[in-house]
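Colleague: Take this structure, written in structure tokens, and hold onto it; I'll ask about it next.
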Amino acid sequence: MTRLTIDEAQQRIRLFLTGDMVEALRAVDYESPPLADQPSGLTLEAARRAAVRFSHVEGASDCLYRVDAFDESLVMRLQLNVRRFVAIYQVPVADPVASATISPHFERWAIGAGHAGWTIGWRDGADPWQPDRRVVETYCYAMLPEDFLDNPLEQLYWRTDLVQMTRAFMLEARRMGIRLAVPEGM
């Protein structure tokens, strides 16, 4: 295993969060070609339909994203601390809805995420931009291999899994009639 300097590790984290993940999240929603007896030739890059905006401070180990897909917008935050990965999904709610009300609707989703290596938690909170607005935050934790920043296959696995997990979260919210709308001005 190659020993990275702190600067190299921070640079790789920044590139993963602001480059690789932004491009990958654009595939949360994609066009499917019609059923056929031959491959369509349509690439995922060409079929992507999700729009992604992000906010990142250089040197920070986290990045805030807004993923627009399936006629919804999901605010999510990723934290990558060398080998600890955290994804946080934010769902706006109003009384009497709270984390105990929302989490059962995502039970199937949480089981799938758990099989992939994520630990899921729920908490009630406030929107950081509008403190009077309540949200439910879904925390997804994963411990990565020690060589994650040096291992392209591990990066591909976790990046792809996070895209699929985000896609499934958004589709499950849609199926259950749970709105993911983002506050204006974000």
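Colleague: Net charge within 13 Å of residue 170 by Cβ-Cβ distance, Lys/Arg positive one each and Asp/Glu negative one each, not counting residue 170 itself? Write out the running numbers ahead of the final one.
Modeller: Numbers: positive: 49, 66, 167, 174, 175, 179; negative: 29, 68, 71, 72, 172.
So the environment of residue 170 carries a net charge of +1.
Colleague: Moving on. Which order do the peptides 128-140, 71-83, 161-173 take when ranked by the mean count of other beta-carbon atoms within 10 Å per residue, highest first? Write out the running numbers ahead of the final one.
Modeller: Values: 128-140: 15.8, 71-83: 18.1, 161-173: 20.1.
Per-residue mean Cβ counts within 10 Å order the peptides as 161-173, 71-83, 128-140.
Colleague: Treat every Asp and Glu Cβ in the chain as -1 and every Lys and Arg Cβ as +1, leave all other atoms uncharged, and give the resulting dipole magnitude about the Cα centre to the nearest 20 debye. Walk me through the numbers before you get to the answer.
Modeller: On the way: 20 positive and 26 negative charges, 44 e Å.
Taking the Cα centre of the chain as origin, the dipole is about 220 debye.
Colleague: Here's something else I'd like to know. Could you give the accessible area per residue of segment 1-132, probe 1.4 Å, as a whole number in Å²?
Modeller: Numbers: 7720 Å² over 132 residues.
With all protein chains present, segment 1-132 gives 58 Å² per residue.
Colleague: Quick check: residue separation of residue 47 and residue 130 times 0.36 nm, minus the Cα distance between them. What number comes out in nm? Can you show the working numbers first?
Modeller: Numbers: separation 83, 0.36 × 83 = 29.88 nm, distance 3.49 nm.
Once the chain is fully extended between residue 47 and residue 130, it gains 26.4 nm.
Colleague: All other residues with a Cβ under 10 Å from the Cβ of residue 45 taken together, and with Lys, Arg as +1 and Asp, Glu as -1, what is their net charge?
Modeller: Working: positive: 26, 48; negative: 23.
Around residue 45, the charge tally is +1.
Colleague: Further question on the same structure: Name the shape class, rounded, prolate or oblate, that the alpha-carbon gyration tensor gives for segment 1-84, where a ≥ b ≥ c are the square roots of its eigenvalues, rounded holds for a/c under 1.5, and otherwise prolate holds if a/b is larger than b/c and oblate otherwise.
Modeller: Values: a/c = 3.68, a/b = 1.78, b/c = 2.07.
It comes out oblate by the Cα gyration axes.
Colleague: Still on this model: Using the Cα atoms as the points, what is the convex hull volume per residue of the chain in Å³?
Modeller: Working: hull volume 25.7 nm³, N = 186.
In the chain, the Cα hull volume divided by residue count equals 138 Å³.
Colleague: If you don't mind, another one. Ignoring any ligand, DNA or RNA, what whole percent of the accessible area of the chain comes from carbon and sulfur when the probe is 1.4 angstrom? Working shown, then result.
Modeller: Working: 5260 of 10380 Å².
Reported share for carbon and sulfur atoms: 51 percent.
Colleague: What is the extension gain from residue 164 to residue 31, computed as 0.36 nm multiplied by their sequence separation minus the C-alpha to C-alpha distance, in nm to one decimal? Write out the running numbers ahead of the final one.
Modeller: Numbers: separation 133, 0.36 × 133 = 47.88 nm, distance 1.47 nm.
That pair, residue 164 and residue 31, stretches by 46.4 nm at full extension.
Colleague: Here's something else I'd like to know. Please turn the phi angles of segment 111-119 into ³J(HN,Hα) values with the Karplus equation 6.51 cos²θ - 1.76 cosθ + 1.60 (θ = phi - 60°), one per residue in order, whole Hz, x for glycine and proline.
Modeller: 4, x, 5, x, 5, 7, x, 8, 9
Colleague: Ok, one more. Per DSSP helix of 4 or more residues, -39500 (n - 2.57); summed, then divided by the residues of the chain. What does that give at 222 nm, rounded to the nearest 500? Please list the in-between numbers first.
Modeller: Working: 6 runs with 58 residues, N = 186.
Estimated from H runs of four or more residues: -9000 deg cm²/dmol.
Colleague: Rounded if a/c is under 1.5, else prolate if a/b is larger than b/c, else oblate: which is segment 44-99, with a ≥ b ≥ c the root eigenvalues of its Cα gyration tensor? Walk me through the numbers on the way to the answer.
Modeller: Numbers: a/c = 2.16, a/b = 1.09, b/c = 1.98.
Oblate.
Colleague: Right, here's the next one. Report relative contact order for the chain in percent, whole number only (criteria: Cα-Cα under 8 Å, sequence separation at least 6). Mind showing how you got there, number by number?
Modeller: Numbers: 296 pairs, mean separation 40.1, N = 186.
Rounded, it is 22 percent for the chain.
The values are calculated or read from the model by the stated rules, or taken from the named source; none is laboratory data. Remember, it's a predicted structure, so these values are computed and weren't measured experimentally. As a convention, Cβ positions derive from the backbone with ideal geometry for all residues, glycine included, and neighbour counts pool all protein chains shown. Keep in mind that these areas ignore ligands, DNA and RNA; they rest on the heavy atoms of the full protein, side chains included. Shrake-Rupley method; radii C 1.70, N 1.55, O 1.52, S 1.80 Å.
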